[in-house]
Every structure is written in structure tokens, then in C-alpha cells.
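These notes are about the structure you will find just below.
The values are calculated or read from the model by the stated rules, or taken from the named source; none is laboratory data. In this text, all values refer to a predicted model and were calculated from it rather than measured experimentally. Positions of Cβ are backbone-derived with ideal geometry, glycine not excepted, and every protein chain shown enters the neighbour counts. SASA here: full protein model, heavy atoms, side chains in, ligands and nucleic acids out. Shrake-Rupley method; radii C 1.70, N 1.55, O 1.52, S 1.80 Å.
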Amino acid sequence: SQLRENRSVGDLLSANYTFLNERLARHYGIPNIYGSHFRRYTFERPERAGLLGHGSILTVTSYATRTSPVVRGKWLLENVLGAPPPPPPPNVPALKDNTQGDRALSVRERMEQHRANPSCNSCHRVIDPLGLALDNFDVTGAFRIKDRGAAVNTKGTLYDGTPINGAAELRTALVKRSDVIVTHFTEMLMAYAIGRRVDYYDMPTIRRIVRAAAPRN
């Protein structure tokens, strides 16, 4: 659809439509879609728009039994913003599982315990707000308002101080950084075209492509 309609790269984040059949519509909680064929559908709820609301991405950035704000945040940094975080330091403990008999903690509560470690906090304060903003989506991308019986809290602050709350506000914040996103998207297309990673000496060409494409959106 993006290619055939010659739409803007920004629509990958902001498009208010997707393509559904009955099975996928039922998963998304959308009524009155019948049959196995896919058809275009315009969303009424802003949190589902663009790639950030796709069950495919939300599933592949989760674990089998719980969501992962870290994996989702890292995915956004690497694939959308082009700013991959550094690898974790050695011997960093994994996120603690809920202990049987104790009150079940939400993913956010367990993340807060994890960030108490100073060696973890420096990276997590950048990664986690991105992933937590998407925590209304469960491990398969179905919408939810509770996690382990507690209300899902998607509030956070981005690395530049921008406050966000939920997928819709995260998307708005990312779209405001469209120059960064379009440049990184062009880098990925360039790497695909030439069959290798782009390097510093490719950047003048990439910037020329971005400048030339901008007047035509």
C-alpha cells in the first residue's frame, strides 16, 4: 500500500488504517469484519495507528509469557530512531519473576526494581519509556488496561524530557522527529541496495537523497 500509493515514510508511524480479515479483526477487538480476505480498515482509536499498533511487531518484541518494555524500546531505538543502545554490562541480573504467594507485580513494577541498580539505570532511562508507552498492548498485541490485576501505567519521559503517556503520545513524539526517522529509513534502504552496512562516507549521499525527497513528501 505504501509503495503503490507513493505515500510518505512518515505514514509507517502515523497511518490511521491497516488491512484486516475476520480473524485479525477479532484479535484487535474490531466488530463487523467477516471473511478471510483482507480489506482496508480505518481505525477510530489512535493508539492502534501505524506500525506501533501492529500485532506482528508487538509480538516479536515480547517474551512468551509477558511484555518486555526493554525489547520494545530497544527495537524502536534500533529500527526507527537509528540510535541503538550499548550492550548491557556483564553479569547484569535478569528481571525477577513473580514469586508464588507474593502479590504479583506488573512488568513496570519489576522494571522499577531492576532500574534501582545504578549500572542498569543509565541505559534503561532511555530505553524503558519507549517500551512502557506500548504496555497497553499485551504479548500478542491485544489491547489491555490491566497487567497482573493492576492498572497499566504507560506514563514516562523521553530522553529529551518530553512527557508521554501511551502509544498515541509516543507516536506524536516520534513523528516530531521525522527528520531523524526518515534519515535512518534511507540508511536502511541504502544498506539493502548496496548489500553492506552504510559507513560515514555514505552519509553525504544519504543526506542528498533525503533533501531531494522532502519537497515531494
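Under the simplified labelling scheme, the residue 209-residue 155 pair shows an inter-label distance of 4.2 nm, with each label point 7 Å from Cα along Cα→Cβ.
Taking the charge dipole of the chain about its Cα centre, with +1 at Lys and Arg Cβ atoms and -1 at Asp and Glu Cβ atoms, the residue from 120, 42, 87 reaching farthest to the positive side is 42. If a spin label sat at a point 7 angstrom from the Cα of residue 143 along the line to its beta carbon, the backbone N atoms of segment 9-49 nearer than 16 Å would be those of 15-20, 24-33, 41-49.
Using R0 = 25 Å, the C-beta based FRET efficiency linking residue 202 and residue 4 works out to 0.35. When a 1.4 Å probe is rolled over the protein heavy atoms, the share of accessible surface on the chain that falls to carbon and sulfur comes to 55 percent. Modelled label positions at residue 17 and residue 45, each set 7 Å beyond Cα in the direction of Cβ, lie 2.1 nm from each other.
Placing unit charges on each Cβ (+1 for Lys and Arg, -1 for Asp and Glu) gives the chain a dipole about its Cα centre, and among 132, 214, 61 the Cα reaching farthest toward its positive end belongs to 214. Short-range pairs are left out: with C-alpha atoms under 8 Å and at least six residues apart, the relative contact order of the chain is 20 percent. Build a GNM of the chain with springs between Cα atoms under 10 Å apart, and of 198, 107, 70 the one that fluctuates most is 198. How big is the charge dipole of segment 112-217 about its Cα centre, in debye rounded to the nearest 20, if each Lys and Arg gets +1 on its Cβ and each Asp and Glu gets -1 on its Cβ? Around 260 debye, computed over segment 112-217.
Please work out the FRET efficiency for the pair residue 217 and residue 71, using the Cβ-Cβ distance as r and a Förster radius of 30 Å; give the result to the nearest 0.05. Working from the Cβ atoms, E equals 0.40.
What residue among 192, 28, 200 has the largest mean-square fluctuation in a Gaussian network model of the chain, using Cα springs under 10 Å? Fluctuation is largest for 200. Magnitude of the charge dipole for the chain, about its Cα centre and with charges confined to Cβ atoms of Lys, Arg (+1) and Asp, Glu (-1), is about 320 debye. Relative intensity of the chain on a log10 scale, I(q)/I(0) at q = 0.08, 0.18 Å⁻¹, equals -0.33, -1.37, per a Debye sum over C-alpha point scatterers of equal strength in the absence of solvent.
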